[in-house]
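Where a number appears in this text, it was derived from the coordinates with a stated rule and is not lab data. Here the structure is a predicted model, which means the values were calculated and not measured. Reconstructed Cβ throughout: ideal geometry from the backbone, glycine too, with neighbour counts over all protein chains shown.
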Amino acid sequence: MALCLKTSRISIHCLKSKMGLLSMIKQDSCLSSLTHPQKPPFPTRNAQNFRDPDANFRMSATLFSARRLKSVKAEKQFCSLDNVDHNQVLDLPGGKVVLTPEMRFISESPEERAQCYRVLDNDGQLIMCSNFKKVGEEIAVKMYTDMVTLQTMDAVFYEAQRQGRISFYATTIGEEAINIASAAALTTDDLVFPQYREPGVLLWRGFTLQEFANQCFGNKADYGKGRQMPIHYGSNKLNYFTVSATIATQLPHAVGAAYSLKMDRRNACVITYFGDGGSSEGDFHAALNFAAVMEVPAIFFCRNNGWAISTPTSDQFRSDGVVVRGRGYGVRSIRVDGNDALAIYSAVHAAREMAISEHRPILIEAITYRVGHHSTSDDSTKYRPVDEIEWWRSARDPVARFRKWIESNGWWCSEAESELRNNVREQLLHAIQVAEKIEKPPLAELFMDVYDVPPSNLCEQEKLLGETVRRNPQYYPPDVSL
Amino acid sequence: MATTSLRTIGRSVCRVSRRGFSTSCDDKLVQPSSKSTNLYSAINQALHIALETDPRAYVFGEDVGFGGVFRCTTGLADRFGKSRVFNTPLCEQGIIGFGIGLAAMGNRAVAEIQFADYIYPAFDQIVNEAAKFRYRSGNQFNCGGLTIRAPYGAVGHGGHYHSQSPEAFFCHVPGIKVVIPRSPQQAKGLLLSCIRDPNPVVFFEPKWLYRLAVEEVPEYDYMLPLSEAEVIREGSDITLVGWGAQLSVMEQACLDAEKEGISCELIDLKTLIPWDKETIESSVRKTGRLLISHEAPVTGGFGAEISASIVERCFLRLEAPVARVCGLDTPFPLVFEPFYMPTKNKILDAIKSTINY
């Protein structure tokens, strides 16, 4: 366990050295990779925001972050003010604040953007002296296998949608490491409140390809009873709350659920996922603020993939991404390279430890890129250059990077690779064929689960609809039984 | 002038609730352990019982910790601790979203929205999340333990943002229940039913009656059934349907109509969705006439739904068009409140013109 965060003191040490390390390897950091000479994906857009930073701000920011890392409570930060002359402090319900005759505005942005934690370089090699949570062969191979499975599932289901066999699909391409590595760092007791681009978490927990296919086909075996569009998975058994298409609404739910875990003294936390676009929603603010105030074991995992459908992050916010918002709410936060499975695994593992043992929320911002279209209803080449997409697909593929690492450990080879890909593809084609043949849920399911028991108005409507369908069967899908 | 007339209504509310309402419902509830109680204290009793009888029950919202701006949560934090009864940040969507997550873990989450006028930031959480939580998961998950309490309606001086009756918005949402009590005894029994109901419920409390309505309320734990309307005054010439604070105004109109020889049947709907059509239908089949009254604006109000449903079911039995005496289609006004309100005289006029149609 290279990055052991058992005690906060060690964590400060590790994180401090990590920060130093990151500045050393800056040329290789994922942020500097954004300014790739040929294809700069979202390069100078944000740069202007960080031009004229306040020197004082930089210093105080550093001090403040050090304080936060020491897990000192806000009130205690002002302990040292006890001896200060009363005329020089304001004593407020939230703590003491030092008075100053100097009119000094806090800068809108720090001098440097928040750094991005990374363990594997672009070639899948461990960055020297990286601090990370060790991953053994078994876990590493399962992580890789699941990433490939996810990739393959995306390819096959996307194709199925294009053939008109399912109505909709959204891929996770480019975000396989985020999906699988974050899931791998948690236990199945931890609750997941997903957005919709995290099917890999479910995959990691054991949702079968057949179960995925059943949902996408909305057949009788779909746990959601065919009521939602494809990719709206959910599993009570695997503690994965059902996906809804609404953005960021799951974040406050995560706080409520985490509060329940805390009250029950469970050794578990909640993780909730959202995108850069979701961070603009009111529910994001509500959830972060509630989580901080309620001191709940919740991990807020932001997949900052640069695009909210067609809206680039430069049209989304003026802050340095999402990670910096944490401090505004009193929430500890970290930025990680979203295409580095080991960095994500380590960060989530550490976040989980802190969340549970210290009853605190943690914000993780994973920097990545949405390589696929937003969904099958979207053509992203209309609003972003094809070569930008291609560059991320080829030069920054998180799956390929992780493969290089497990290969360098001697845990993987090309024979295993082709066998895996063929196997998964075959399983998926089979799953699709099976799912397609399973009948749709019966019409009665239309009226169930609105309430625990259908009230009289629904019983009446069910009866009337049944009569209508029997009278005019030609107007209704034949695969839904009465 | 405005104040004077409203005070009169206030007094009548008080009087009516002391006499009429407690005697009209189950007499068996009024037992030796009953005590003269106002509406906010009845709510407070229900919350005490809810927290005491279920260790997984929580009460939270803005200013709830010290007892709430209407005193409904008085003493709860002291008795049950700050981890079960607590303040939240001032953020309605956060309160309801948090409540959904808490309820989804098998808890009874009783969330307070300080005024119904401020419930709209939580509209998405209620409509898209709470209401669909069970359905969209195929019953794998539910947030049925969620109850949202919010004071609603006119109070004599509340203006735009302390007077609204937003119930109709929520009556358009399959998956939630909407309940409004008319009196202290009803409030306690219905609130306990809502808290223990396995579906998310929006419970609007008539804030005008918090202190004004006083009646005998049993001190023990009791529940009143949801989705069951109650005939609180029997009559033969016309059926009047309402809910919440409006019932006391309607009761006054019934008394005045009686003096003119008109026999009114008064029904408290109590649960707006899913609502008890049958009770209204059988009453209208008897009387042949229907009047609905609510404080919310008439257009798109829940009265429209009741009217349409009853016309569908009782068309040939109706002797006159269904009358609606409701709030005007304006924002809730301050000095014009006595003009805006569906007052006794407006109801009486409508009763007469329906009878004489």
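If you count, for every residue in A:285-294, the Cβ atoms of partner chains within 10 Å of its Cβ, what is the mean? Don't skip to the end; give the middle numbers.
Numbers: counts 4, 13, 6, 1, 5, 8, 2, 1, 5, 6.
Taking the mean over all residues of the peptide, I get 5.
Return the long-range amide H neighbours of B:LYS177 (sequence gap of 5 or more, or a different chain), with a cut-off of under 5 Å between placed amide H atoms.
B:VAL201, B:VAL202
Applying a 10 Å radius around every beta-carbon, put A:257-266, A:406-415 in order of their mean neighbour count, most first. Before the final figure, lay out the partial values.
Numbers: A:257-266: 21.4, A:406-415: 13.6.
The most tightly packed comes first, giving A:257-266, A:406-415.
Fewest to most neighbouring Cβ within 10 Å: what's the order for A:HIS86, B:HIS162, A:HIS359? Write down the numbers at each step before the final one.
Numbers: A:HIS86 8, B:HIS162 20, A:HIS359 17.
By the 10 Å Cβ count, ascending, the order reads A:HIS86, A:HIS359, B:HIS162.
Quick one: helix B:92-104 against the long Cα principal axis of chain B, what's the angle to the nearest 10°, folded into 0 to 90?
The answer is roughly 70 degrees.
Taking the Cβ of A:ALA298 as the centre, find all other residues whose Cβ is under 11 Å away and add up their charges (Lys, Arg: +1; Asp, Glu: -1).
On the way: positive: A:LYS262, A:ARG352, A:ARG360; negative: A:ASP190, A:GLU295.
Here the count lands on +1.
What average number of partner chain Cβ atoms lie no more than 10 Å from the Cβ of the residues making up B:126-137?
Numbers: counts 0, 1, 4, 7, 1, 2, 7, 5, 6, 12, 11, 14.
Partner Cβ neighbours, averaged per residue: 6.
Listing A:VAL323, A:VAL450, A:VAL119 from the residue with the fewest other Cβ atoms within 10 Å to the one with the most, what is the order? Please list the in-between numbers first.
Values: A:VAL323 23, A:VAL450 20, A:VAL119 26.
Ranked by crowding around the Cβ, least crowded first: A:VAL450, A:VAL323, A:VAL119.
Using θ = phi - 60° and the Karplus relation 6.51 cos²θ - 1.76 cosθ + 1.60, list the HN-Hα couplings for the range B:41-46 in order, rounded to whole Hz, with x at every Gly or Pro.
Whole-Hz 3J(HN,Hα) from phi for the range B:41-46: 6, 5, 4, 4, 4, 4.
Let me have the 222 nm mean residue ellipticity of chain B computed from DSSP H runs of 4+ only, each contributing -39500 (n - 2.57), with the sum over all residues rounded to the nearest 500. Show your work: numbers first, answer last.
Numbers: 13 runs with 127 residues, N = 357.
-10500 deg cm²/dmol, from helical runs alone.
Which of the three applies to the range B:65-162, rounded, prolate or oblate, going by the alpha-carbon gyration tensor with a ≥ b ≥ c and a/c under 1.5 meaning rounded? Don't skip to the answer; put the middle values down first.
Details: a/c = 2.57, a/b = 1.29, b/c = 1.99.
Taking the square roots of the gyration eigenvalues as a ≥ b ≥ c, the range B:65-162 is oblate.
Treat each spin label as a single point 7 Å out from the Cα along the C-beta direction, and report the A:CYS459 to B:TYR220 distance in nm.
3.0 nm
Take the alpha carbon gyration tensor of the range A:179-331, find the square roots of its eigenvalues, order them as a ≥ b ≥ c, and report rounded if a/c is under 1.5; if not, report prolate when a/b exceeds b/c, else oblate. Intermediate values should be presented prior to the final figure.
Working: a/c = 2.04, a/b = 1.27, b/c = 1.60.
It comes out oblate by the Cα gyration axes.
Quick one: 3J(HN,Hα) in Hz for the range B:123-130, Karplus 6.51/-1.76/1.60 with θ = phi - 60°, rounded, Gly and Pro as x.
Each residue of the range B:123-130 in turn: 4, 4, 4, 6, 7, 8, 9, 4 Hz.
Given a Förster radius of 35 Å and the C-beta distance between A:TYR383 and A:GLU108 as r, what FRET efficiency does 1/(1 + (r/R0)^6) yield to the nearest 0.05? Don't skip to the answer; put the middle values down first.
Working: r = 27 Å, r/R0 = 0.78.
Plugging the Cβ-Cβ distance into 1/(1 + (r/R0)^6) gives 0.80.
Search the structure for amide H atoms under 5 Å from the amide H of B:ILE292, placed 1.01 Å from N in the peptide plane, and list their residues when 5 or more places away or on another chain.
For B:ILE292, the qualifying residues are B:VAL241, B:ALA323, B:ARG324, B:VAL325.
According to the square roots a ≥ b ≥ c of the eigenvalues of the Cα gyration tensor, what is the shape class of the range B:2-218, taking rounded for a/c under 1.5, prolate for a/b larger than b/c otherwise, and oblate for the remainder? Please report the intermediate quantities before stating the final value.
Values: a/c = 1.65, a/b = 1.38, b/c = 1.20.
Because a/c hits 1.5 or more and a/b exceeds b/c, the range B:2-218 counts as prolate.
With θ set to phi - 60°, apply the Karplus curve 6.51 cos²θ - 1.76 cosθ + 1.60 along the range B:268-275 and write out the HN-Hα couplings as whole Hz, x wherever there is a Gly or Pro.
Along the range B:268-275, the couplings run 9, 6, 6, 9, 7, 9, x, 9 Hz.
Please state the relative contact order of the range A:130-200 as a whole percent: Cα pairs under 8 Å, 6+ residues apart? Mind showing how you got there, number by number?
Details: 40 pairs, mean separation 25.1, N = 71.
Dividing the mean separation by the residue count of the range A:130-200 yields 35 percent.
Of B:TYR58, B:CYS143, B:LEU334, whose Cα points farthest to the positive end of the dipole of the protein assembly as shown (charges on the beta-carbon: +1 Lys, Arg; -1 Asp, Glu; origin at the Cα centre)?
So the residue we want is B:TYR58.
State which entries of B:LYS286/B:LYS344; B:LYS132/B:LYS207; A:LYS440/B:LYS132 exceed 26 angstrom in Cα-Cα distance in the structure shown. Intermediate values should be presented prior to the final figure.
Details: B:LYS286/B:LYS344 24 Å; B:LYS132/B:LYS207 29 Å; A:LYS440/B:LYS132 21 Å.
Over 26 Å Cα-Cα: B:LYS132/B:LYS207.
With the convex hull built on the Cα atoms of the protein assembly as shown, state its orientation-averaged projected area in nm². Don't jump to the answer; show the numbers that get you there.
On the way: hull surface 161.6 nm².
One quarter of the hull surface, i.e. the mean projection, equals 40.4 nm².
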